[in-house]
Amino acid sequence: MMLIKQAAVYVNILNCRLKKHIADVFKKKGVNLTAEQYLVMDTLWNEGTLTQQTIAFIIQKDKNSVTQFIDNLEKKGLVERAVDKNDRRVNNIVVTEKGMAMKQSTKELAIDSMNKVVDGIPEEQLTIFVDVLRKACNNIEKMGAKSE
């Protein structure tokens with residue numbers, strides 16, 4: 001039982017520290033994004049234009065949080081909302097030229113930062129770690145629990 005509690009505590013600590021670490025790295029390099037905003041931008045850079053609901057599903061955040069992230073990204077001029085041609089109730093989120101201009105350097109910064117976080121951890125252990133996290137997430141999903 002104690003091992004399970006330790007796992008839960010460390011997963012939570014890792015989540016909190018990763019968010020803060022990424023925010024600190026971005027701030028030092030003049031990138032005006034939070035870790036969550038980066039997650040939205042990275043999803044859009046990888047997938048292209050998406051609806052807010054699709055973004056929420058991909059990053060496993062509730063719709064209200066995603067709306068707030070997008071509001072802030074829109075204020076920064078990094079994304080725009082575009083009404084869907086087929087359904088006026090749906091907003092598509094489009095990366096602006098300004099948002100695209102920061103893609104490569106920001107991704108490189110995030111990857112470099114994460115490489116430093118996992119420095120000294122053998123790839124085999126990282127593979128097992130990811131597999132364990134995936135299985136735990138799948139178990140929660142099977143129980144019917146919703147993410148955030």
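No lab work stands behind these numbers, since they all come straight from the coordinates. Here the structure is a predicted model, which means the values were calculated and not measured. Here the Cβ is made from the backbone with ideal geometry for all residues, glycine too, and neighbour counts use every protein chain on show.
State the extension gain, in nm to one decimal, for the chain segment bounded by residue 13 and residue 43, taking 0.36 nm per residue of separation less the distance between their alpha-carbons. Walk me through the intermediate numbers first.
Values: separation 30, 0.36 × 30 = 10.80 nm, distance 2.40 nm.
Net length gain for the segment: 8.4 nm.
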For region 59-140, just the Cα set please: Rg and Dmax, both in angstrom. 17.8, 50
To the nearest 10 degrees, the tilt of helix 63-75 (Cα long axis) against the first principal axis of the alpha carbons of the chain is 60
Under the rule of at least 5 residues apart or a separate chain, name every residue whose amide H is placed under 5 Å from the amide H of residue 96. 79, 80
Express the relative contact order of region 71-112 as a whole percentage, based on alpha carbon pairs under 8 Å and six or more residues apart in sequence. 32
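Just in region 9-58: which trypsin sites (Lys or Arg not before Pro) are loop by DSSP and have at most 14 other Cβ atoms within 10 Å?
Details: sites: 17, 19, 20, 27, 28, 29; in loops: 29.
In loop regions of region 9-58 (DSSP not H, G, I, E or B), the sparsely surrounded trypsin sites (Lys or Arg not before Pro) are 29.
Scale the Cα Rg of the chain by the rule-of-thumb value 2.2 N^0.38 Å and send over the ratio, two decimals. Before the final figure, lay out the partial values.
Working: Rg = 17.2 Å, N = 148, 2.2 N^0.38 = 14.7 Å.
Relative to the 2.2 N^0.38 Å estimate, the chain comes out at 1.17.
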Step through the residues of region 15-31 one at a time and calculate ³J(HN,Hα) from phi using the Karplus curve (6.51 cos²θ - 1.76 cosθ + 1.60, θ = phi - 60°), rounding each to whole Hz and writing x for Gly and Pro. 4, 5, 5, 4, 4, 5, 4, 4, 4, 5, 4, 4, 4, 4, 9, x, 8
For the chain, longest principal axis from Cα atoms; helix 35-47 axis from its Cα atoms; angle between them, nearest 10 degrees, is 70
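Please compute the contact order of the chain in relative form: average sequence separation of alpha-carbon pairs under 8 Å and at least six residues apart, divided by the residue count, as a percent.
Numbers: 108 pairs, mean separation 29.9, N = 148.
The normalised contact order for the chain reaches 20 percent.
Using 0.36 nm per residue of separation minus the Cα-Cα distance, give me the extension gain between residue 86 and residue 6 in nm, one decimal. Before the final figure, lay out the partial values.
On the way: separation 80, 0.36 × 80 = 28.80 nm, distance 4.89 nm.
Contour length minus Cα-Cα distance gives 23.9 nm.
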Trypsin sites (Lys or Arg not before Pro) within region 64-115: DSSP coil, no more than 16 neighbouring Cβ in 10 Å: 76, 85, 88, 89
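Which length gain, in nm to one decimal place, applies between residue 67 and residue 100 when the Cα-Cα distance is subtracted from 0.36 nm times their residue separation?
Numbers: separation 33, 0.36 × 33 = 11.88 nm, distance 2.01 nm.
Full extension of this stretch gives 9.9 nm more.
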Roughly how far apart, in whole Å, are the Cα centres of region 90-144 and region 15-70? 10
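Given the DSSP H assignment, sum -39500 (n - 2.57) over each helix run of at least 4 residues in the chain and divide by its residue total; what's the result at 222 nm in deg cm²/dmol, nearest 500? Spell out each step's value before the answer.
Values: 7 runs with 101 residues, N = 148.
Computed ellipticity for the chain at 222 nm equals -22000 deg cm²/dmol.
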Quick one: angle between helix 123-142 and the longest Cα principal axis of the chain, in degrees between 0 and 90, rounded to 10, please. 70
